[in-house]
Amino acid sequence: PVSAGASRSIVTTSRTAKEYVQGFILETRAFEALAGLIGPDGKRVPPSQDMNGRPGALDAHFSPSEVSSLLAGAADDALRRSNAADAAELLSLAGKYADLLSVLNSELASLLVVDDTADADMMGQRQFWRSAADAFHNLHLSGGPNHVMANLEAESRLDLGGTFKLIMNLMVFFDRC
């Protein structure tokens, strides 16, 4: 049997290792090389279907659920560092669509109305988030049932999709005013 002290050490090491891997993901920003791509259905492309036939670096060492957990943890770290763009990409790779919609909703809501249209940085951010939101909507929220919608329904978070669509409509409204 393993002593209580030894098991605690293993847990601490595992947590520390996880933090290092998450930090590595964020520092390198090599999301595609480490975790792969997002397929048209919203799922992370399995390693055997990668363009080069190689697994993502994380997939070579971790199970799919561990990769998802690492990506979600890195996304949380990115949000703590006020890097919502990286967080959104990581949440998409992790398959955490409710969390991704929460980030999109927050960013879009903060940019609904830009008081100073001469502020190029603010307008650039608004355009970036609106483009990202349009792409997400067109791929995953319009049309029939898909993996993303099934995931949101399983988590009882379809309401986030409704909020997302409302914010997108408000953006169109304010653009026309």
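One table, with the values for the structure above:
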item	result
The chain: calculated mean residue ellipticity at 222 nm from DSSP helix runs of at least 4, using -39500 (n - 2.57)	-21500 deg cm²/dmol
Solvent-accessible area, 1.4 Å probe, carbon plus sulfur percent, for the chain	56 percent
Zone residues, segment 127-155, relative to Asp41, backbone N less than 17 Å from point 7 Å out along Cα-to-Cβ	139-154
Cα→Cβ-extended label distance, 7 Å offset, between Asp159 and Ser69, nm	2.8 nm
Trypsin sites (Lys or Arg not before Pro) within segment 115-167: DSSP coil, no more than 11 neighbouring Cβ in 10 Å	none
Angle between the chain longest axis and helix 84-94 axis [Cα atoms, degrees, rounded to 10]	60 degrees
FRET E, pair Glu19, Phe173, Förster distance 45 Å, beta-carbon r, rounded to 0.05	0.55
Rounded to 10°, Cα long-axis angle of helix 64-80 versus longest principal axis of the chain	60 degrees
With Cα atoms, 0 to 90° folded angle of helix 120-136 axis to the chain main axis	70 degrees
Amide H within-cut-off set for Arg44, under 5 Å, with H built and near neighbours excluded	Gly39
GNM flexibility winner over the chain from Ser106, Ser142, Ser92 (Cα, springs under 10 Å)	Ser142
Most mobile listed residue (Ala30, Ala85, Ala133) in the chain, GNM with C-alpha springs under 10 Å	Ala30
Residue (of Leu90, Ser69, Thr163) at the positive-pole extreme of segment 59-177, dipole from beta-carbon charges	Thr163
Accessible surface, per residue, of the chain when the full set of protein chains is kept, probe 1.4 Å, Å²	58 Å²
The chain: most fluctuating residue of Leu90, Leu141, Leu71 per GNM, C-alpha cutoff 10 Å	Leu141
Full-extension gain in nm, Asp134 to Ser106, via 0.36 nm per residue minus C-alpha separation	8.6 nm
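The values are calculated or read from the model by the stated rules, or taken from the named source; none is laboratory data. Every value quoted in this text rests on a predicted model; they were computed, and no experiment measured them. Here the Cβ is made from the backbone with ideal geometry for all residues, glycine too, and neighbour counts use every protein chain on show. For the accessible areas, the whole protein counts, side chains as well, though only heavy atoms, and no ligand, DNA or RNA atoms are used. Shrake-Rupley method; radii C 1.70, N 1.55, O 1.52, S 1.80 Å.
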